[in-house]
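Enquirer: Before we start, here is the structure in question, set down as structure tokens.
The values are calculated or read from the model by the stated rules, or taken from the named source; none is laboratory data. Just so you know, these numbers come straight off a predicted model, no measurement behind them. A quick note on method: Cβ atoms are made from the backbone with ideal geometry, for glycine too, and the neighbour counts reach across all protein chains shown. In case anyone asks, the SASA skips ligands and DNA or RNA and just uses the protein heavy atoms, side chains included. Shrake-Rupley method; radii C 1.70, N 1.55, O 1.52, S 1.80 Å.
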Amino acid sequence: MSFRFKLFKGLTGTTLFITGFFLLMNFTSMLMGAFGQGLVSIVMFGGVFIHSILSAYLQRSLQEPGFTLKENTPGGIRIMGGYSILIGSFLIIGAVAISVYKDLYMKEVSAQMSDEQIRQLDSMKGLMDKVITGMQIFLFLYGAAIITNALLSLSFLKQWKKREEDKDIDIDLDLDA
């Protein structure tokens, strides 16, 4: 197994796990009353989750030549791969935006607080910076993992398609004629 394929398997499992967790959390929030926000998040992460599942089927088909993909799976990988790249890009842009606008956001929040709340905010500033930095790093890495997984799935889909086309070539070896 090549490094690229191992990376593809690892990223597929990671995105499947993290995205599944987000979907579960958003579904739970929908049940508790945040229907609009939960629905948007479910649609957003649902495409990434579907892409990860389709990527797992592609991996199995590449590892086990006897395992055939459904007819619509290659098209689904292409469509959901593009969608996943878009979502991953949004996550990376979000991480960069947090970095750029962090100080402005803190000023905006502190302008709406009372003096007591501002003192509490100042005492927790170090902790908040660490939390925000952690969130930035997570968003950036998760977005990069989604994009890398989608690009690898599209690359391995081309290899799968080439292998399938080579199977369909019927070579006539009639040597008696």
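Enquirer: I'd like the residue in segment 1-41 that is of a type in the set (Phe, Trp, Tyr) and open to solvent by 100 Å² or more (accessible area, probe 1.4 Å) and, out of all such residues, is farthest from Leu154 (Cα to Cα). So that I can check it myself, show each step before the final result.
Expert: Initial filter on segment 1-41 (of a type in the set (Phe, Trp, Tyr)): 3, 5, 8, 17, 21-22, 27, 35.
Keeping just the survivors that are open to solvent by 100 Å² or more (accessible area, probe 1.4 Å) gives 3, 17, 21, 27, 35.
Values: Phe3: 16, Phe17: 20, Phe21: 24, Phe27: 29, Phe35: 34 Å.
Among those residues, the one meeting the criterion is Phe35.
Enquirer: Any idea which of Phe90, Phe156, Phe138 is open to solvent by less than 40 Å² (accessible area, probe 1.4 Å) and of a type in the set (Phe, Trp, Tyr)? Lay out the reasoning, then the answer.
Expert: Details: Phe90 fails: open to solvent by less than 40 Å² (accessible area, probe 1.4 Å); Phe138 fails: open to solvent by less than 40 Å² (accessible area, probe 1.4 Å).
So the residue among Phe90, Phe156, Phe138 that is open to solvent by less than 40 Å² (accessible area, probe 1.4 Å) and of a type in the set (Phe, Trp, Tyr) is Phe156.
Enquirer: Moving on to the next point. When both residues are 6+ apart or on different chains and their Cβ atoms are under 7 Å apart, which pairs have a first residue that lies in segment 118-136 and is touching a residue at least 60 places away in the same chain (Cβ under 8 Å), and a second that is outside any helix (DSSP H, G or I) and open to solvent by less than 90 Å² (accessible area, probe 1.4 Å)?
Expert: none
Enquirer: For Leu69, only one of the following conditions fails: (1) of a type in the set (A, V, I, L, M, F, W, C); (2) surrounded by 15 or more Cβ atoms within 10 Å (Cβ to Cβ); (3) closer than 18 Å to Leu11 by Cα. What is its number?
Expert: Exception for Leu69: condition (3).
Enquirer: Out of curiosity, is Val96 more than 30 Å from Gln59 (Cα to Cα), open to solvent by 90 Å² or more (accessible area, probe 1.4 Å) and of a type in the set (Val, Ile, Thr)?
Expert: No, not satisfied.
Enquirer: Let me ask something else. Identify, please: which residue in segment 72-88 is touching a helix residue (DSSP H, G or I) at 6+ places or on another chain (Cβ under 9 Å) and free of Cβ contacts under 8 Å to residues at least 24 places away in the same chain and is, among those, nearest to Leu11 (Cα to Cα)? Let's see the steps before the verdict.
Expert: Start the filter on segment 72-88 by keeping residues that are touching a helix residue (DSSP H, G or I) at 6+ places or on another chain (Cβ under 9 Å), which leaves 73-74, 76-88.
Subset that is free of Cβ contacts under 8 Å to residues at least 24 places away in the same chain: 73, 79, 86.
Values: Thr73: 19, Ile79: 18, Leu86: 17 Å.
Among those residues, the one meeting the criterion is Leu86.
Enquirer: For segment 50-67, which positions are farther than 14 Å from Leu16 by Cβ and not in a loop (DSSP other than H, G, I, E, B)? I'd like the intermediate steps shown before the answer.
Expert: Here is the first cut: in segment 50-67, the ones farther than 14 Å from Leu16 by Cβ are 61-67.
Scanning segment 50-67 gives Ser61, Leu62, Gln63.
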